[in-house]
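Novice: Below you will find the structure I want to go over with you.
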């Protein structure tokens, strides 16, 4: 099943609301549309069964609609939610600079700052240096994010 076919099935379910839970969710929450097209952040095809999960961001919320599609029958079999969660590694130091911390790894960094830099809020400065590594920023189930994080770390140790 292509991404386009999956999106069409989701749009049909959101329009016709054949599942009671779809109607309940859409009474109080709205998916995000871009150029009049339903925004799908990720389609998870990593499951061993015949299901795929499409993750759709929700307007003004920090969670996703999780739409389950049976690829054998080409039907939406369920609609749920998935929390916006992140599994990451952070190294923090009150004495080392961000550059000194970065020199200790070859991993790609997601974010970093130095002790003394002004915080994003602009109200105070950081009292520590930090770097963050976020190997899986996509929407996913927590267990899959944790597995991805552990696999990423093990793979980096071998390199």
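Just so it is clear, none of the values below were taken in a lab; they were calculated from the coordinates. This one's a predicted model, so the numbers in the text were calculated from it and none came from an experiment. Positions of Cβ are generated from backbone atoms using ideal geometry, with glycine treated the same way; all protein chains shown enter the neighbour counts.
Novice: With a 10 Å Cβ neighbour count serving as the proxy for reagent exposure, in which order, fewest first, do 106, 45 appear?
Specialist: 106, 45
Novice: Angle check, please: helix 3-16 long axis (alpha carbons) against the longest principal axis of the chain (alpha carbons), in degrees 0 to 90, nearest 10.
Specialist: Between the helix axis and the principal axis of the chain, the angle is about 60 degrees.
Novice: Using only the alpha-carbon atoms, how far is helix 142-158 inclined from the longest principal axis of the chain? Give it as 0 to 90 degrees, nearest 10.
Specialist: Value to nearest ten degrees: 40.
Novice: Roughly speaking, what is the stretch gain from residue 68 to residue 90, that is 0.36 nm per residue apart minus the C-alpha to C-alpha distance, in nm to one decimal?
Specialist: 4.6 nm
Novice: Still on this structure, please answer the following. Just check the range 89-158 against the gyration tensor rule for me: Cα atoms, a ≥ b ≥ c as the square roots of the eigenvalues, rounded for a/c under 1.5, and otherwise prolate or oblate depending on whether a/b exceeds b/c.
Specialist: Verdict is oblate for the range 89-158.
Novice: Moving on. Counting other beta carbons within 10 Å of each residue's own, what order do 104, 1 fall into, fewest first?
Specialist: 104, 1
Novice: Now, a different point. In whole Å, how far is the Cα centre of the range 11-38 from that of the range 75-92?
Specialist: After rounding, the separation between the Cα centres reads 19 Å.
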